[in-house]
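Mind looking over this structure? Questions follow.
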Amino acid sequence: MGYIYEKVLRPALFKLDSEPAHELGVNALALLGRVPPLCRLLEACNRLPVSRYRPVEAFGLVFPNTIGLAAGFDKNARAWQAAAALGFGHVEIGTVTALAQPGNPKPRMFRYPAEEGVINRMGFNNEGSEAVAARLARHPGPGSRRIPLGVNLGKSKIAPLEGAVEDYLQSFARLADFADYLVLNVSSPNTPGLRTLQDEKPLRELLGAIMAANRARAVSRGGKLLPVLLKIAPDLSWPQIDSALGVIAEFGLAGVIATNTTLARPGMFAEVNEAGGLSGHPLERRSTEIVNYISRATFGKLPIIGVGGITDTRGAAEKLDAGATLVQVYTGMIYRGPFFARDLAWGVAGRQRR
């Protein structure tokens, strides 16, 4: 299938602009998700045999393999039900904001095939947390899914920075009941001022408020805390990462996702005049360095989802070796095809052997 994709399907898709091709992919997976018997058949063909490979346990959840679909692909929770059929061990939807928003003006996504990279400035285009919650409510909830579902939350563009906490809390209230884990995205470069929420003072305010709401929710339901993770940027300095880790520890977050897209322009991208976050292979080294730094700084005790630049089994293995518990892909799937997750999961399956 990988050969067919790279030689036949990818050239056809790459004749389309990036965003229409992306929407075509989402529509195709949404259609697949509406045919459960076909999904189960594909899942049976692509999953690791449970008799030979043990699942991965992290932040109180069980993952059939280490490979996840990163946020950004399925922004509005339309296609996530097909993820297990493609070989993914978890899927993360979003980024979702409290208010529906169109995102930045088009064109806003650009491929660079020679470098296996993508620059995007999408700007959190999504239908808003109320609409996404209504869609998720029509499907099996936590504990009844094939694989864990993460929900990635961001700040609405029109919400002022001083109102960011209330904006995130609104989305938390609407979506927490539908998430197996929840991610606070404060690291996208495409919403003005968002990355300042990674600074110690605003980050402490945000995490404190979210975790207070999380505890209140757990008490009211007589259940456990929802796992909450923080997604950080690859452009942070080591002292900034140390500061973020301190706040994560202070408020008892379940883990960290390293990393989002980068504003850096390495190599040939120095000549590229497009604003936005760079993802794909050019991000691989920096992302892996940060995964390794966090793992060493926390003595391997903080679960890490490593994401950024994985284009083959070697890249996935390097992130796991660097200290990641799980990894995620998105741009790599653009270049490698829909069953890229299956190939990666089997490629690193030795780590899960019983």
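Laboratory data are not the source of any read-out in this text; all were calculated from the coordinates shown. This is a predicted model, so every value here is computed, not measured. For neighbour counting, all protein chains shown are included, and Cβ atoms are generated from backbone atoms with ideal geometry for every residue, glycine included.
Which whole-Hz ³J(HN,Hα) couplings does the range 326-338 yield from phi under the Karplus relation 6.51 cos²θ - 1.76 cosθ + 1.60, θ = phi - 60°, glycine and proline marked x?
9, 10, 10, 9, 8, 4, x, 5, 4, 8, 10, x, x
Expressed in nm to one decimal, what extension gain is obtained for the pair residue 212 and residue 353 from 0.36 nm per residue of sequence separation less their Cα-Cα distance?
Working it through step by step, the gained length comes to 46.9 nm.
Continuing with this model, one more query. Restricting to lysine pairs 8 or more places apart or on different chains, what number in the chain have Cα atoms under 23 Å apart?
17
Tally Lys/Arg at +1 and Asp/Glu at -1 over every other residue whose Cβ is under 12 Å from the Cβ of residue 292; what's the total? Spell out each step's value before the answer.
Values: positive: 285, 286, 296, 319; negative: 289, 318, 321.
With Lys, Arg at +1 and Asp, Glu at -1, the neighbours total +1.
So, one more: Suppose each label sits 7 Å from its Cα in the direction of the beta carbon; what would the residue 314-residue 205 distance come out to in nanometres?
Using points 7 Å along Cα→Cβ, the separation is 4.6 nm.
Near the amide H of residue 53, under 5 Å away, which other amide H atoms are found, from residues 5 or more places off or on another chain, if H is placed in the peptide plane?
Sorted by chain and number, the residues that satisfy this are 354.
Nearest 500 deg cm²/dmol is fine: what mean residue ellipticity at 222 nm does the chain get from its DSSP H runs of n ≥ 4 alone, each adding -39,500 (n - 2.57), divided by its residue count?
Details: 11 runs with 125 residues, N = 354.
Computed ellipticity for the chain at 222 nm equals -11000 deg cm²/dmol.
Can you tell me how much longer the chain between residue 250 and residue 23 gets when fully stretched, taken as 0.36 nm per residue apart minus their C-alpha distance, in nm with one decimal? Can you show the working numbers first?
Details: separation 227, 0.36 × 227 = 81.72 nm, distance 3.98 nm.
That pair, residue 250 and residue 23, stretches by 77.7 nm at full extension.
Let me ask something additional. For the range 216-284, how big is the tail of P(r) above 20 Å, as a whole percent of Cα pairs?
48
Kindly rank 46-59, 306-319, 87-100 from highest to lowest mean number of other beta carbons found within 10 Å of each residue.
87-100, 306-319, 46-59
Antiparallel as a % of all DSSP beta bridges within the range 1-156, to the nearest 5?
Antiparallel bridges make up about 55 percent of those DSSP assigns within the range 1-156.
For residue 35, project a label point 7 Å along Cα to C-beta. Then give me every residue of the range 62-85 with its amide nitrogen under 18 Å of that point.
79-85
Let me ask something additional. On a full-extension model of 0.36 nm per residue, what is the gain between residue 138 and residue 296, subtracting their alpha-carbon distance, rounded to one decimal in nm? Show your work: numbers first, answer last.
Details: separation 158, 0.36 × 158 = 56.88 nm, distance 4.17 nm.
Net length gain for the segment: 52.7 nm.
Say each of residue 1 and residue 106 gets a label point 7 Å from the Cα, pointing the same way as Cα to Cβ; how far apart are those two points in nm?
Reported label-point gap for residue 1 and residue 106 is 2.8 nm.
Normalising by the residue count of the chain, find the relative contact order in percent from Cα pairs under 8 Å and 6+ residues apart. Before the final figure, lay out each step's value.
Details: 705 pairs, mean separation 67.0, N = 354.
Across the chain, relative contact order equals 19 percent.
Rounded to the nearest 5, what % of DSSP beta bridges with both residues in the chain are antiparallel?
Taking every DSSP beta bridge within the chain, about 35 percent pair in antiparallel fashion.
Continuing with this model, one more query. Quick one: which residues, 5+ away or cross-chain, put their amide H under 5 Å from the amide H of residue 123? H built at 1.01 Å from N.
Correct list: 104.
Return the distance in nm (one decimal) between the two label points of a simple spin-label model at residue 238 and residue 52, each offset 7 Å from Cα along Cα→Cβ.
4.2
Using all Cα-Cα distances in the range 2-349, what percent lands in each 20 angstrom bin from 0 up to the longest?
Spelled out bin by bin, the range 2-349 gives 32, 63, 5 percent.
Amide H neighbours of residue 307 under 5 Å, at least 5 residues apart or on other chains, H built in the peptide plane: list them.
Under 5 Å from the amide H of residue 307: 258, 259, 328.
Also, I was wondering about something else. Rounded to whole Å, give me the distance from the Cα center of the range 177-253 to that of the range 284-321.
19
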